[in-house]
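Colleague: The structure is given below, and queries will be raised subsequently.
The values are calculated or read from the model by the stated rules, or taken from the named source; none is laboratory data. Since we're looking at a predicted model, the values are computed, not measured. Note that each Cβ is placed from the backbone with ideal geometry, even for glycine, and that neighbours are counted across all protein chains shown.
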There are 2 protein chains.
Amino acid sequence: MHSLNVELGDRSYPIVIGSQLLGDPQYLLPYIRGRQVCVVTNETVAPLYLERLLEGLSDFDKVDTIELPDGETFKTLDTLNRIFDLLLERRHNRTTTLIALGGGVIGDMTGFAAACYQRGVDFVQVPTTLLAQVDSSVGGKTGVNHPLGKNMIGAFYQPRMVLADMDTLSTLPKRELAAGIAEVIKYGLICDAPFFEWLEGNMPRLLACEPEALAYAVDRCCRDKAAVVAEDERESGRRAILNFGHTFGHAIEAVQGYGSWLHGEAVAAGMVMAAELSSLRGDIDAGLVGRIRALLAAAELPLAAPEGMAVQQFLDAMAVDKKVLDGRLRLVLLRALGTAQIVDDTPRELLVEALRNCGAV
Amino acid sequence: MHSLNVELGDRSYPIVIGSQLLGDPQYLLPYIRGRQVCVVTNETVAPLYLERLLEGLSDFDKVDTIELPDGETFKTLDTLNRIFDLLLERRHNRTTTLIALGGGVIGDMTGFAAACYQRGVDFVQVPTTLLAQVDSSVGGKTGVNHPLGKNMIGAFYQPRMVLADMDTLSTLPKRELAAGIAEVIKYGLICDAPFFEWLEGNMPRLLACEPEALAYAVDRCCRDKAAVVAEDERESGRRAILNFGHTFGHAIEAVQGYGSWLHGEAVAAGMVMAAELSSLRGDIDAGLVGRIRALLAAAELPLAAPEGMAVQQFLDAMAVDKKVLDGRLRLVLLRALGTAQIVDDTPRELLVEALRNCGAV
């Protein structure tokens, strides 16, 4: 079992990573302060893991469950309101704890619901996808999508603890496992070159769902991310490097419609675009771009824009991205393997060329 | 001109109180950090004050305005979403500043929109009602209502500055002025006995809208409230005394439907109920209850429950109030003039008797 502490002053919290954690109440119970809990999950995860989780919660005065429809398309204010409806109908008060059992969508919505319900109640994350385990566990980003942009409505809000059980990955569709691996690779690229090299040697173990390899990777990503977030909790500076590949990826998701590409798939293609652009700028050499492509390909992730997506569609979609400050496009690029930089002076021509090199038309 | 600073560490901000402030950009401009602003107002306030405010904002790159329908019934997630729609359609980014021009409903919704838009942008309050000037200017409470409870969805989020122009009160309906005075009286009762006595001698000046008297009262209330909030920003303890009269008042509003009684009117009747209960407990004498009734009556505020509202309706509505912790009803009562206390052991019979003494059937 791995465990680490995310250091954020009085909002610090632990992440516990391992096997056979879900049914064991000793991990969760110390972090639930009141006598009421509400598990927020979805219709896919509930049949697999809800019962096991609830076994450990039988001693509370009030244990409610809400099953939301599965998928990014339901990450909306309307779905959020269903959580509020239940909490109010069942008279949950300020001492309640929300428990997010599911992937990133469930985690983001549950965290945002916790941030807003009665102006803030406790919540705990039990991420059941690799993407959520490495990406949503650390950083406190919560929120929902808007038809005009992803994650445009939300809050920075920290969980009381995160419980990441590798056993839940055994039921994850292969495509979703790969999407999570995209984010895992991201940490190697932006801040952890030795980990990137470990991944080049261990990709088959991850794809085979070996619990020890997965737990090592999740632990390493959480530590890498925690180090970045601890420096910059509210994303005013360095934290932006975590968005490596995301500005391109969000454009793909926005144009394709949320849910047709998985988030991690869009990020994978976006990382190739960011690497291409870094290379065109002369910051990294073409050999490194090749290694990045090869590692993503080993995980069967997409390396190019969706069929038929136009350069202009990228440019339009990127103009509403949160990373646009006072009209200048800020991009996270690579300066070397394991070193990211934030750049706001990329010539439009280079950006267009990088997009074309990655299949945009 | 009065001004004070609300001390909250790196979230500290000034409140400027006086006359002829609205059209003078020197007060607002230093607190707007980016090149984009969006004024959120309503259809009642816009024709009166919007143009004057916009004159001072002409130098920004992007100046948008959204006029919402007027009234507590529109303080909903749906209306909030209209603000997000506009901000995204007009491509406001993370450096934008929202400006709330209006009463408490506009301030609460604009503040919550600012808290959530792209996980947090700046906002400034320009409160145009007495209630908003004394109550919403300090404390950072933002949010919207839910059909099952008032202010159940929201955030603690601080403005960059508050500009309270007494001139805007000249167009306020008398009934709304009185509703604001209810909150003003509250500060005397819970923490400022000399101010209560000042109010006993100066009520006619307030009702006549004398700017100097109003500015003095607003300044004093903001200072009183700031002192309480500084001790307890997130309402874990002492801050709850600010809810004096509100648990009863919220029950009135919930049962009557938001908007039929003004918030301050419901709070006025609620303060009489709380004072009656304090007297029944033996904490204050009947003479003080009489003075409270007399001062509220001088402001033509209601002193009793709405016609026909039942004791049981109060009890049911109060059970979902945020002040209920783990099933115990916590009430803010008086221990003396200028001294509030939080009580969670009130016998149900005394509560019922106090409600009956105030007209509940």
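Colleague: Which one of B:65, B:73 is more than 14 Å from chain A (Cβ to nearest Cβ) and modelled with pLDDT under 95? Don't jump to the end; show me each part of the working.
Modeller: Values: B:65 fails: modelled with pLDDT under 95.
Selected residue: B:73, the only one of B:65, B:73 that is more than 14 Å from chain A (Cβ to nearest Cβ) and modelled with pLDDT under 95.
Colleague: Residue by residue through the stretch B:46-82, note down the ones that are outside any helix (DSSP H, G or I), under 25 Å from the mean Cα position of the chain (by Cα) and of a type outside the set (S, T, N, Q). Please lay out each step first, then the result.
Modeller: Residues of the stretch B:46-82 outside any helix (DSSP H, G or I): B:56-71, B:75-76.
Next cut, under 25 Å from the mean Cα position of the chain (by Cα) only: B:65-71, B:75-76.
Correct list: B:66, B:67, B:68, B:69, B:70, B:71, B:75.
Colleague: Another question, then. Quick check: anything in the stretch B:327-346 within 25 Å of residue B:108 (Cα to Cα), surrounded by fewer than 23 Cβ atoms within 10 Å (Cβ to Cβ) and modelled with pLDDT under 95?
Modeller: So far as the stretch B:327-346 goes, yes, one or more of its residues are within 25 Å of residue B:108 (Cα to Cα), surrounded by fewer than 23 Cβ atoms within 10 Å (Cβ to Cβ) and modelled with pLDDT under 95.
Colleague: Determine which single condition residue B:85 fails, assuming it passes every other condition in (1) within 24 Å of residue B:171 (Cβ to Cβ); (2) in a helix (DSSP H, G or I).
Modeller: (1)
Colleague: I'd like to know if the stretch A:342-352 contains one or more residues that are outside the structural domain of residue A:145 (by TED's automatic domain parsing) and under 22 Å from residue A:256 (Cα atoms). Don't jump to the end; show me each part of the working.
Modeller: Within the stretch A:342-352, the subset outside the structural domain of residue A:145 (by TED's automatic domain parsing) is A:342-352.
When the remaining residues are screened for being under 22 Å from residue A:256 (Cα atoms), the result is A:351-352.
Checked against the condition, which is being outside the structural domain of residue A:145 (by TED's automatic domain parsing) and under 22 Å from residue A:256 (Cα atoms), the stretch A:342-352 yields at least one hit.
Colleague: Do we have residue B:51 as within 21 Å of residue B:170 (Cα to Cα), in contact with a Pro (Cβ under 7 Å, 6 or more places away or on another chain) and at pLDDT 95 or above here? Spell out the reasoning first.
Modeller: Numbers: within 21 Å of residue B:170 (Cα to Cα): yes; in contact with a Pro (Cβ under 7 Å, 6 or more places away or on another chain): no; at pLDDT 95 or above: yes.
No, not satisfied.
Colleague: For the stretch A:266-289, what are the residues that are under 15 Å from the mean Cα position of the chain (by Cα) and either surrounded by fewer than 24 Cβ atoms within 10 Å (Cβ to Cβ) or β-branched (Val, Ile, Thr) (or both)?
Modeller: The answer is A:267, and nothing else.
Colleague: A follow-up question, please. Suppose the filter is on the phi > 0 side of the Ramachandran plot and surrounded by 16 or more Cβ atoms within 10 Å (Cβ to Cβ); does residue B:221 pass it?
Modeller: On the way: on the phi > 0 side of the Ramachandran plot: no; surrounded by 16 or more Cβ atoms within 10 Å (Cβ to Cβ): yes.
Judged against the criteria, residue B:221 is not a match.
Colleague: Now for a separate question. Any residue at all in the stretch A:128-137 that's surrounded by 22 or more Cβ atoms within 10 Å (Cβ to Cβ), more than 18 Å from residue A:79 (Cβ to Cβ) and of a type in the set (Asp, Glu)?
Modeller: Scanning the stretch A:128-137 turns up at least one residue that is surrounded by 22 or more Cβ atoms within 10 Å (Cβ to Cβ), more than 18 Å from residue A:79 (Cβ to Cβ) and of a type in the set (Asp, Glu).
Colleague: With the stretch B:210-284 as the region, which helices (runs of 4 or more DSSP H) entirely inside it contain at least 3 residues that are within 20 Å of residue B:359 (Cα to Cα), in contact with a Leu (Cβ under 8 Å, 6 or more places away or on another chain) and outside the structural domain of residue B:313 (by TED's automatic domain parsing)? Before you say what the answer is, go through the steps one by one.
Modeller: Details: elements: B:211-231, B:246-256, B:263-280.
Filter on the stretch B:210-284 gives an empty set.
Colleague: Just the residues that are polar (S, T, N, Q) and either surrounded by 15 or more Cβ atoms within 10 Å (Cβ to Cβ) or free of Cβ contacts under 8 Å to residues at least 60 places away in the same chain (or both), please, taken from the stretch A:61-80. It would help to see each step written out before you state the result.
Modeller: Of the residues in the stretch A:61-80, the ones polar (S, T, N, Q) are A:65, A:73, A:76, A:79.
Selection gives A:65, A:76, A:79.
Colleague: Any residue at all in the stretch A:98-107 that's more than 11 Å from chain B (Cβ to nearest Cβ), in contact with a Cys (Cβ under 8 Å, 6 or more places away or on another chain), closer than 24 Å to residue A:265 by Cβ and modelled with pLDDT under 95?
Modeller: The first filter runs over the stretch A:98-107 and keeps only residues more than 11 Å from chain B (Cβ to nearest Cβ), leaving A:98-107.
So of that shortlist, the ones also in contact with a Cys (Cβ under 8 Å, 6 or more places away or on another chain) come out as A:98-99.
Right, trim to closer than 24 Å to residue A:265 by Cβ and you get none.
No, because not a single residue in the stretch A:98-107 is more than 11 Å from chain B (Cβ to nearest Cβ), in contact with a Cys (Cβ under 8 Å, 6 or more places away or on another chain), closer than 24 Å to residue A:265 by Cβ and modelled with pLDDT under 95.
Colleague: So residue B:310 passes all but one of these: (1) within 18 Å of residue B:183 (Cα to Cα); (2) out of contact with any strand residue (DSSP E or B) (no Cβ under 8 Å at 6 or more places or on another chain); (3) modelled with pLDDT of 95 or more. Which condition number does it fail?
Modeller: The number of the failed condition is (1).
Colleague: Has the stretch A:134-142 got any residue that is in the same structural domain as residue A:297 (by TED's automatic domain parsing) and small (Gly, Ala, Ser)? Steps first, answer last, please.
Modeller: The first filter runs over the stretch A:134-142 and keeps only residues in the same structural domain as residue A:297 (by TED's automatic domain parsing), leaving none.
No, every residue in the stretch A:134-142 fails to be in the same structural domain as residue A:297 (by TED's automatic domain parsing) and small (Gly, Ala, Ser).
Colleague: Let me ask another. Of the numbered conditions (1) among the aromatic types (Phe, Trp, Tyr); (2) more than 16 Å from the chain's Cα centre (by Cα); (3) crowded, with 24+ Cβ neighbours inside 10 Å, residue A:187 satisfies every one except a single condition; which is it?
Modeller: Among (1) among the aromatic types (Phe, Trp, Tyr); (2) more than 16 Å from the chain's Cα centre (by Cα); (3) crowded, with 24+ Cβ neighbours inside 10 Å, the lone unmet condition for residue A:187 is (2).
Colleague: Assuming residue A:163 fulfils every condition listed in (1) within 14 Å of chain B (Cβ to nearest Cβ); (2) in contact with a Leu (Cβ under 6 Å, 6 or more places away or on another chain) apart from one, which condition is it?
Modeller: Unmet for residue A:163, out of (1) within 14 Å of chain B (Cβ to nearest Cβ); (2) in contact with a Leu (Cβ under 6 Å, 6 or more places away or on another chain): (1).
Colleague: Additional query: Suppose we keep only residues that are part of a loop (DSSP other than H, G, I, E, B) and touching a helix residue (DSSP H, G or I) at 6+ places or on another chain (Cβ under 7 Å) within the stretch B:12-45. Which one would you say is nearest to residue B:105 (Cα to Cα)?
Modeller: The initial filter retains those residues of the stretch B:12-45 that are part of a loop (DSSP other than H, G, I, E, B), namely B:12, B:19-24, B:32-35, B:43-45.
Next cut, touching a helix residue (DSSP H, G or I) at 6+ places or on another chain (Cβ under 7 Å) only: B:19-23.
Values: B:19: 23, B:20: 23, B:21: 21, B:22: 19, B:23: 22 Å.
If we take residues in the stretch B:12-45 being part of a loop (DSSP other than H, G, I, E, B) and touching a helix residue (DSSP H, G or I) at 6+ places or on another chain (Cβ under 7 Å), then B:22 is nearest to residue B:105 (Cα to Cα).
Colleague: Further question on the same structure: Quickly run through the stretch A:95-141 and pick out the residues that are more than 19 Å from residue A:53 (Cα to Cα) and not hydrophobic (A, V, I, L, M, F, W, C).
Modeller: The answer is A:95, A:108, A:117, A:118, A:119, A:120, A:135, A:136, A:139, A:140, A:141.
Colleague: Under 7 Å between Cβ atoms, at least 6 apart or on separate chains: pull out the pairs that start in the stretch B:41-60 with a residue that is touching a residue at least 12 places away in the same chain (Cβ under 8 Å) and in the same structural domain as residue B:167 (by TED's automatic domain parsing) and end on any residue that is among the acidic types (Asp, Glu) and assigned to a loop (DSSP other than H, G, I, E, B).
Modeller: B:42/B:70; B:43/B:70; B:44/B:70; B:56/B:24
Colleague: Another one. Do you know which residues across the stretch B:128-155 are closer than 28 Å to residue B:216 by Cβ, at pLDDT below 95 and touching a strand residue (DSSP E or B) at 6+ places or on another chain (Cβ under 7 Å)?
Modeller: Hits for the stretch B:128-155 are B:136, B:137, B:138, B:140, B:141.
Colleague: Okay, moving on. On the given criteria, is residue A:154 within 14 Å of chain B (Cβ to nearest Cβ), within 24 Å of residue A:251 (Cα to Cα), of a type outside the set (A, V, I, L, M) and not in a loop (DSSP other than H, G, I, E, B)?
Modeller: Working: within 14 Å of chain B (Cβ to nearest Cβ): yes; within 24 Å of residue A:251 (Cα to Cα): yes; of a type outside the set (A, V, I, L, M): yes; not in a loop (DSSP other than H, G, I, E, B): yes.
So residue A:154 fits the description; yes.
Colleague: Considering only residues of the stretch A:116-144 that are part of a helix (DSSP H, G or I) and within 29 Å of residue A:181 (Cβ to Cβ), which is nearest to the other protein chains (Cβ to nearest Cβ)?
Modeller: Ranking the candidates gives A:136 first.
Colleague: From A:194, A:159, grab the single residue that is farther than 12 Å from residue A:131 by Cβ and either assigned to a helix (DSSP H, G or I) or polar (S, T, N, Q) (or both).
Modeller: Details: A:159 fails: either assigned to a helix (DSSP H, G or I) or polar (S, T, N, Q) (or both).
The conditions single out A:194.
Colleague: Give A:178, A:227, A:217, A:182 a once-over and let me know the one that is more than 14 Å from chain B (Cβ to nearest Cβ) and either over 15 Å from the mean Cα position of the chain (by Cα) or among the β-branched types (Val, Ile, Thr) (or both).
Modeller: So the residue among A:178, A:227, A:217, A:182 that is more than 14 Å from chain B (Cβ to nearest Cβ) and either over 15 Å from the mean Cα position of the chain (by Cα) or among the β-branched types (Val, Ile, Thr) (or both) is A:227.
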